[in-house]
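Written out below as structure tokens is the structure these notes cover.
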Amino acid sequence: MKIAIQGEPGSFSHEAAIKLVADAAIVPFSLSADAFAALASGTVEAAVIPIENSLAGSVLEHYDLLLTHDVRVVRETLVHIRHNLIGISGVETGEINRVYSHPVALAQCRRFFAEHPQIEAVPFYDTAGSVKQLAGLNNHHAAGIASRAAAEFYHAEILAAGIEDNPENYTRFFLVRRAAEATVEPGANKMSIAFTLEHRPGSLMAALAALSAQGTNLTKIESRPVHGKPWEYIFYVDCQIGAAAEEDRVLQVLGAHCGMVKELGRYSEARGAEKETA
């Protein structure tokens, strides 16, 4: 299966894709929008996207892309995020004056930069991409922050392992397929939905109360602005479900209160996360 990811081989998205589909052929893209475009055009069969980090929160761009494309979430997984300082072989930490990585990764390693004030943090489009760049430049004064897999993939060296501020750092990833080819796997017990509400007092409370009345357990709610309609919002919810009949009731209940309801996917809830160093 050809799977699109945003980022380079050796990234956390790459790791998630292999967890979700063991024999996946990874197709990297610099931009998430390009990964979704490849999925929509049939260039790839699926895409793997990060949707939420336990420390940094939701990846809001990906909610927008899920809404605007005819796709469905079919699986999810959790990846334990471990950030490592990576340089070319033979370099020592004392030689480093610049470190490149994705802005979220840099923000999750503030203590490291506080302890090394001579090192400048430089935002880059991807964690693994920062290591790929080092390998090409052969720069002895620059390093990247990325996974152990990135160091191995680009034949670089880990100078300091586990430099993240908080070790309880996990990212939830979705496996996304075109809606026409998406199938609900046996045992699916979770669904993601997007909906809009009438712009009147109490509309959100009424919708949520209706879900609560039928015993639906919401595990997440997120709001995003409606483009072109200031102060109006799209709501995204994840909820636990049982039988298929309950899934359909959730959509019916929301439909009675909402202007638009879109099912984003039905899938099995990820439980636990891989504890190996990433």
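Structure values in brief
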quantity: Unique residue being within 30 Å of residue 10 (Cβ to Cβ) and loosely packed, with under 13 Cβ neighbours inside 10 Å when the list is 166, 217; calculated: 166
quantity: Residues being out of contact with any Lys or Arg (no Cβ under 7 Å at 6 or more places or on another chain) and among the acidic types (Asp, Glu) - total across region 146-177; calculated: 3
quantity: One residue from 69, 102 being surrounded by fewer than 22 Cβ atoms within 10 Å (Cβ to Cβ) and not aliphatic (A, V, I, L, M); calculated: 69
quantity: Residues that are among the acidic types (Asp, Glu) and closer than 25 Å to residue 86 by Cα, drawn from region 1-37; calculated: 8, 15
quantity: Residues (among the hydroxyl-bearing types (Ser, Thr, Tyr) and either closer than 17 Å to residue 12 by Cα or surrounded by 21 or more Cβ atoms within 10 Å (Cβ to Cβ) (or both)) located in region 43-62; calculated: 54, 58
quantity: Meets criteria (assigned to a strand (DSSP E or B), among the hydroxyl-bearing types (Ser, Thr, Tyr) and modelled with pLDDT of 95 or more) for residue 77; calculated: yes
quantity: Residues (in a loop (DSSP other than H, G, I, E, B) and within 14 Å of residue 157 (Cα to Cα)) located in region 80-96; calculated: 83, 88, 89, 90, 91, 92, 96
quantity: So residue 188, is it touching a residue at least 60 places away in the same chain (Cβ under 8 Å), under 11 Å from residue 75 (Cβ atoms) and of a type outside the set (Val, Ile, Thr); calculated: yes
quantity: Counted residues, region 241-278 - those being modelled with pLDDT under 90, over 30 Å from residue 149 (Cβ atoms) and either within 23 Å of the chain's Cα centre (by Cα) or not in a strand (DSSP E or B) (or both); calculated: 17
quantity: Pick from region 97-127, criterion charged (D, E, K, R) and not in a helix (DSSP H, G or I), ranking: nearest to the chain's Cα centre (by Cα); calculated: 126
quantity: Residue match in region 233-240 (condition: touching a residue at least 60 places away in the same chain (Cβ under 8 Å), touching a strand residue (DSSP E or B) at 6+ places or on another chain (Cβ under 6 Å) and hydrophobic (A, V, I, L, M, F, W, C)); calculated: yes
quantity: Of all residues in region 99-137 being touching a Ser or Thr at 6+ places or on another chain (Cβ under 8 Å) and without any contact (Cβ under 8 Å) to a residue 24 or more places away in the chain, the one that is farthest from residue 32 (Cα to Cα); calculated: 116
quantity: Residue count, region 185-216 (criterion: modelled with pLDDT under 90, under 23 Å from the mean Cα position of the chain (by Cα) and either of a type in the set (A, V, I, L, M, F, W, C) or under 24 Å from residue 259 (Cβ atoms) (or both)); calculated: 0
quantity: Selection count, region 22-60, where residues are out of contact with any strand residue (DSSP E or B) (no Cβ under 6 Å at 6 or more places or on another chain) and outside any strand (DSSP E or B); calculated: 15
quantity: Enumeration of residues in region 114-134 that are crowded, with 17+ Cβ neighbours inside 10 Å and of a type in the set (A, V, I, L, M, F, W, C); calculated: 119, 121, 124, 128, 131, 134
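The values are calculated or read from the model by the stated rules, or taken from the named source; none is laboratory data. All values derive from a computational prediction rather than experimental measurement. Ideal geometry is used to build each Cβ from the backbone, glycine not excepted, and the neighbour counts take in all protein chains shown.
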